[in-house]
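The values are calculated or read from the model by the stated rules, or taken from the named source; none is laboratory data. The model shown is predicted, which means the values in this text are computed figures rather than measured ones. No Cβ is skipped: glycine too gets one built from the backbone with ideal geometry, and neighbour counts run over all protein chains shown.
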Amino acid sequence: MAMTLVERLGAFAAGMVLEDVPERVRSFARSQVLSQLAAARATLGHPLGRRLVEAYGSPLQADAKAAAFCLGALTIALDYDDTLYAGHVSHSTVGVPVAYAGPLCLDGRRFLEAVLAGNECAARVVAGATLGPFRGQTAAYGHLVGATVARMRAQAASSEEISAALALACALPPHSLTPAFFGGDSKALTAAVGIRAALDACDGAAAGLSGAADILEHPEGLLATFAEVPLPDAVVESLGSRWHTETLSIKLYPACAYLDSTLDAAVQLHGDIDAALHAGLRGDPRNGLEGDRGLEDDRGLAGDPGLTGEQGARGLVAGAIDEVVVRCSLLTFGMDLRSRAYVDGPASPPSALQFSVPYPVAVTLLAGAFTPADLASPRLDDPVVWSLAARVRVEHDPGLTRHAVLATAPLGEALRQAGTRASAWLARLGGEEEAAALLDAAGQPAPTFEDATKEIGAVLEVRLTDGRTLHRGVMTPLGASGPSTRRDHPALARDKFLGTGGSREVADALEHLEDLREGELAAVLASALTTS
């Protein structure tokens, strides 16, 4: 009798050892851990993080289940997490081993094996349901797999025990509702709910409770429930030789990954605008700006006596901008469109602003950065930023959509895996002719993810009040899966961690994660999550 999908995943998770995993893949996992610890630290320093800790306790509490729940909420709350193809699985695949490192007396080797096994199983299940309505963070069912495999592997469970726990965990998969995801703080629980359910399932399986062994591939099972085009073959494709872990993308902004290229371009334009305005203030005859001429006083910003110091300087810059046009893929355009109904100026919940284009773009153009502090008062209350945000226009660019859809993540590899099975689903997005062209261009499934890409590009155009226009475009953002991230991910993760106040000693120790001994690992992780 053929093995079911959970049985095949269980056998892989139990049998994989660190020596089976290429060093380049292990290196990605180390960066993933550091990036997730940075995401937790960032939220711990934010008002929303303080409320989460008040509600659910510290990520360092002795109760490992409660600690894992808290970590899952902290790392997702500000959208500062990392991603794989497919899914934001790190909330469970990293968070659960972090929570259990002390109680299970894990050393660095066992910890890293748990992370890797969790990654490979969870990302594959999410890949199997990618062609459907739930992707990215909303694919919360992935945490049932990530948390189960990570914990069971950490406690050296057998393949049969892991399979039994998976079958039970996947019985009642969670999913988010749009008003809750965008409209309040409940988005922070998106991963945590699945993590807790999975950990309870592990205990239930240990006590002899059973689930359906074909829960993933059954015609009424998990994949069929969450995908319009279920891909059970993607769940076990090249299992043990094609590593989803090396599709890691590291978030460098507290915002949806679909915004990363947009914000990279805005960072570049911040410097361009500053240079242009300084040239104008020196009376450069080529641009026609002299003194404050060209700064729009009728916006109530330039020259406003109520705006002083840094805010007044931002007012002068904002007043020099007539309009900002963001050209982007359908992924970014649709994300912005869905979130806008929940954006209400300074009263906006962080979850809405993380998916809306105008506010993060306005902040970045004026400040040269977008950070967790921009998702809370007093920065959130700045009228200068909101005035500029009102002048940001978002347009769909079909060429950028084509690049985004054909890249490995978030959709391209699923389309290659599906082939003609994806025709009807893709046609609903852009018509039958375009769907046929995209599938033809997609080619065959990749035998390896060594050259994985994530190309959700954007082009920004800033039109100044003096008539000049500044442009910047970015195809692959910093930190996204691609050649530069394959080269630089250790430095990117380290800088992200240090940028949240993490210590160099912790960052140094985690560069050699698998060498940490029992007790030593738990101490390093505790230090990483201590913010005061």
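Assorted remarks:
- Among the residues of region 374-385, those that are under 19 Å from A266 (Cβ atoms) and buried (at least 17 other Cβ atoms within 10 Å of the Cβ) comprise D374, L375, L380, D382, V384, V385.
- Region 374-416: number of residues that are under 25 Å from L48 (Cβ atoms), hydrophobic (A, V, I, L, M, F, W, C) and in contact (Cβ under 8 Å) with a residue 60 or more places away in the chain: 6
- Verdict on D82 being within 27 Å of R517 (Cβ to Cβ), out of contact with any Asp or Glu (no Cβ under 9 Å at 6 or more places or on another chain) and without any contact (Cβ under 8 Å) to a residue 24 or more places away in the chain: no
- Scanning region 500-518 for residues that are exposed (fewer than 14 other Cβ atoms within 10 Å of the Cβ) and either polar (S, T, N, Q) or not in a loop (DSSP other than H, G, I, E, B) (or both) yields R504, E505, D508, D515.
- Scanning region 342-370 for residues that are surrounded by fewer than 24 Cβ atoms within 10 Å (Cβ to Cβ) and either β-branched (V, I, T) or modelled with pLDDT under 95 (or both) turns up just one, V343.
- Only one of L438, L464, L513 that is under 30 Å from A62 (Cβ atoms) and more than 21 Å from the chain's Cα centre (by Cα): L513
- Residue match in region 367-388 (condition: within 24 Å of L470 (Cβ to Cβ), out of contact with any Leu (no Cβ under 9 Å at 6 or more places or on another chain) and of a type in the set (V, I, T)): yes
- Selection over region 219-274 of residues that are β-branched (V, I, T), in a helix (DSSP H, G or I) and closer than 13 Å to T83 by Cα gives a count of 2.
- M1 meets all of the listed conditions (1) of a type outside the set (K, R); (2) touching a residue at least 12 places away in the same chain (Cβ under 8 Å); (3) not in a helix (DSSP H, G or I) but one, namely (2).
Residue by residue, here is whether (1) within 25 Å of L44 (Cα to Cα); (2) among the β-branched types (V, I, T); (3) touching a Leu at 6+ places or on another chain (Cβ under 9 Å) holds:
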| position | (1), (2), (3) |
| --- | --- |
| P173 | no, no, yes |
| D185 | yes, no, yes |
| T190 | yes, yes, no |
| A197 | yes, no, yes |
| C202 | no, no, yes |
| A205 | no, no, yes |
| I215 | no, yes, yes |
| E228 | no, no, yes |
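- R41 more than 27 Å from L248 (Cβ to Cβ), at pLDDT 95 or above and not assigned by TED's automatic domain parsing to the domain that holds T371: no
- In this entry, D495 passes the filter for residues that are over 30 Å from S241 (Cβ atoms) and either part of a helix (DSSP H, G or I) or more than 17 Å from the chain's Cα centre (by Cα) (or both).
- Only one entry of G291, G271 meets the criterion of being among the small types (G, A, S), at pLDDT 95 or above and loosely packed, with under 15 Cβ neighbours inside 10 Å, and that entry is G271.
Rundown of residues vs (1) closer than 21 Å to A180 by Cβ; (2) in the same structural domain as I76 (by TED's automatic domain parsing); (3) part of a helix (DSSP H, G or I); (4) in contact with a Phe, Trp or Tyr (Cβ under 6 Å, 6 or more places away or on another chain), yes/no style:
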site	(1), (2), (3), (4)
L337	yes, no, yes, no
A352	yes, no, yes, yes
F355	yes, no, no, no
L365	no, no, yes, no
F370	no, no, no, yes
A373	no, no, yes, no
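- Within region 200-207, not a single residue is in a loop (DSSP other than H, G, I, E, B), on the phi < 0 side of the Ramachandran plot and either polar (S, T, N, Q) or touching a residue at least 24 places away in the same chain (Cβ under 8 Å) (or both).
- Helices (runs of 4 or more DSSP H) fully within region 116-197 that include at least 1 residues being within 18 Å of the chain's Cα centre (by Cα): 142-154, 178-183.
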